[in-house]
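I have placed the structure first, in the form of structure tokens, so that the comments after it can refer back to it.
FYI, it's all coordinate maths here, none of it is from the lab. Please read these numbers as outputs of a predicted model, since none were measured by experiment. When we count neighbours, we look across all protein chains shown, and the Cβ atoms used for this are built from the backbone with ideal geometry, even at glycine.
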Amino acid sequence: MIKEMSCPDCEKIVVVSEIRKETNVVIKGKNISFLVPMYKCSVCGSEFQTMEQLEESLKLGKQSAEYAENELTPEKIISIREKYNASQKAFAMILGMGELTINKYEQGEKPSSSNRMLLLLSQDPGCFYKMYEINKYKIGDVQKEKIEHSAGLSRFINS
Ligand SMILES: [Zn+2]
């Protein structure tokens, strides 16, 4: 889109074009990239943002960060499960899923929306413990022992 506005470098009214520029930020140790709206001066080539564009960028950055936070990659599913010391099968039983479901998700299959929700909730030890209490009769004693002494649960159970 072609517009005319004041360029901060030329210090006069120039023709500018609206561009989207890829920006990378690190939020909570995660690399997040998103496109921010900017203007590019047709005279000096300098790129700048108006206040509105800056606000829009901050909003986009926040949304991207939230999205990344709730993105369930196979690595993330593995890390949740390992936090509770659970085998794939035991983890699936506790979350009320089919025996091979976690295995499929860890291989890259996308979780259904209800299973995705359960997996996201299971990150919280309190939620996981409730699911564990409901379904622990389905899993063996060795697994139970491991899970109750896991880094993710032991502090929760003993407090
Ligand atoms: Zn300029």
Scattering profile of the chain at q = 0.19, 0.20 Å⁻¹ [log10 I(q)/I(0), Debye over alpha-carbon scatterers]: -1.10, -1.17
Segment 74-157 - Debye-derived log10 I(q)/I(0), Cα point model, q = 0.11, 0.12, 0.15 Å⁻¹: -0.24, -0.28, -0.45
Lys pairs, segment 1-56 - Cα-Cα below 25 angstrom, 8 or more residues apart or on other chains: 7
Any residue on another chain or 5+ positions along whose placed amide H is under 5 Å from the amide H of Ile19 is listed here as Met38, Tyr39, Lys40
Once both axes come from the Cα atoms, what is the angle between helix 125-135 and the longest principal axis of the chain, in degrees from 0 to 90, rounded to 10? 40
Cβ-placed point charges (K, R +1; D, E -1), dipole of the chain about Cα centre in debye, nearest 20: 580
Quick calc, Asn31 & Leu100: beta-carbon distance into FRET formula, R0 22 Å, rounding 0.05, result 0.10
Kindly point out, ordered by number, any Cys in the chain whose beta-carbon has no other cysteine beta-carbon under 4.7 Å away. Cys44, Cys127
Restricting to Cα pairs below 8 Å that are 6+ residues apart, what does the relative contact order work out to for the chain? Please round to a whole percent. 16
Length gain on complete extension for the stretch Gln123 to Ile19, per 0.36 nm per residue less the alpha carbon to alpha carbon distance? 33.6 nm
Would you mind checking the tilt of helix 113-122 against the longest principal axis of the Cα atoms of the chain, expressed as 0 to 90 degrees and rounded to 10? 80
Under 5 Å between amide H atoms, partner at least 5 residues away or on a different chain: which partners does Val14 have, H built in plane at 1.01 Å? Met5, Ser6, Cys7
Coarse-grained scattering of segment 2-69 at q = 0.12 Å⁻¹, given as base-10 log I(q)/I(0) from a Debye sum over alpha-carbon atoms: -0.37
